Amino acid sequence: MSAIIGLLIFIGDIYGIVMTIQSKAKTDSKIIWVLLIFFLPVLGLILWFLMGPGKK
């Protein structure tokens, strides 16, 4: 069960990173978000989903 949860988090992180890179945000903002998602996978993904580049 934990392997499935880990896989879902990994897929979500990859999706978040790709969507961040493709966004029209400034480069420095993109770098910060990608690092946040990479180093804090669960918390970074939740924060990206709520406040990421392009969110209002």
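Here, each number is a calculation from the coordinates, and none is a lab measurement. It should be emphasised that the depicted structure is a prediction, and the values quoted were computed from it without experimental measurement. All Cβ positions, even for glycine, are placed from backbone atoms using ideal geometry, and neighbour counts span all protein chains on display.
Take each peptide in 4-11, 30-37, count the other Cβ atoms within 10 Å of every residue, and average; sorted highest first, the result is 30-37, 4-11. Structural descriptor for the chain: relative contact order 39 percent, calculated from alpha carbon pairs under 8 angstrom and at least 6 residues apart. Applying 1/(1 + (r/R0)^6) with R0 = 25 Å to the Cβ-Cβ distance of F38 and A3 gives a FRET efficiency near 0.75. 3J(HN,Hα) couplings calculated from phi for the range 4-10 with the Karplus curve 6.51 cos²θ - 1.76 cosθ + 1.60 (θ = phi - 60°) are, in sequence order, 5, 5, x, 5, 5, 5, 4 Hz; Gly and Pro show x. Dimensions of the chain based on its C-alpha atoms, expressed as ranges along the principal axes with the largest first, amount to 38, 19, 16 Å. Here the simple spin-label model places points 7 Å from the Cα toward Cβ, and for S23 and F10 these points are separated by 2.5 nm.
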